[in-house]
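Engineer: Have a look at the structure that comes next, please.
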Amino acid sequence: MEASNAWTLALVGAAIGLVIGYLLGRIGGGKQETLKQELNDAHAELARYKDQVNEHFETTAELVNGLTEQYRQVHQHLAAGAQTLCNDQRPGEALQASLQPRISKQDIPTVTDALENEDAEEQPQPPRDYAPKAGDEEGTLSDTYGLKKKQEEEEIPTPADPSAAPATDEDETKERKRG
């Protein structure tokens, strides 16, 4: 009898667990659907934005090409007018020459070319994390930097007469003990 009660309780507990799991799954499902919808909306907005950017640049390219063509037509009109209206051929030739590209391969500087610049010498240098030194001096990272050689060391002069030496604290202490 006790075994059947245990089985019954286990089955009832499993059924209650399934019902609770199902209900919790249904409650969380609404949030999941909302998140999916927001994600789809974001993707659609991004696609619209990309289309707008592409359309903008296509229109800009068309307008620039049209402007270039109009400039070319104006220039040709001026050149033709200069040739027919001017007695001298030089203005017409100058206008025709300006239609031709003037940039040659030698005119374009490369990154490695040194350009002359008067201000280059006057530009401030970036701060350094070391002190500048002359070529023959030792640097601050040298093992012997700041150490004096024995020849350069000052020798402390010792007076020949001990009474001529300046009094020290020890001498004063000894005299007090004597007297």
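A short reminder: the numbers here are calculations on the coordinates, not readings from a lab. All values derive from a computational prediction rather than experimental measurement. When we count neighbours, we look across all protein chains shown, and the Cβ atoms used for this are built from the backbone with ideal geometry, even at glycine.
Engineer: Name the residue from Tyr49, Gly21, Tyr71 whose Cα lies farthest towards the positive end of the charge dipole of the range 8-99, charges +1 on Cβ of Lys and Arg and -1 on Cβ of Asp and Glu.
Structural biologist: Gly21
Engineer: Let me ask something else about it. At 0.36 nm per residue, and after removing the present C-alpha to C-alpha distance, how many nm does the segment from Ala15 to Thr68 gain when stretched out fully? Could you put the intermediate results ahead of the total?
Structural biologist: Numbers: separation 53, 0.36 × 53 = 19.08 nm, distance 7.88 nm.
Answer, rounded to one decimal: 11.2 nm.
Engineer: Using 7 Å Cα-to-Cβ label points, what is the Ser4/Ser142 separation (nm, one decimal)?
Structural biologist: 10.5 nm
Engineer: Based on the mean of other Cβ atoms within 10 Å per residue, sort peptides 72-83, 12-23 so the most packed one is first. Don't skip to the answer; put the middle values down first.
Structural biologist: Working: 72-83: 13.3, 12-23: 10.0.
The most tightly packed comes first, giving 72-83, 12-23.
Engineer: Per residue, how big is the convex hull around the C-alpha atoms of the range 8-99? Give it to me in cubic angstrom, could you? Before the final figure, lay out each step's value.
Structural biologist: Details: hull volume 7.1 nm³, N = 92.
Cα convex hull per residue, to the nearest whole number: 77 Å³.
Engineer: For an R0 of 30 angstrom, estimate the FRET efficiency from the Cβ-Cβ distance between Tyr22 and Arg48 and round to the nearest 0.05.
Structural biologist: Working: r = 39 Å, r/R0 = 1.30.
Rounded to the nearest 0.05, the efficiency is 0.15.
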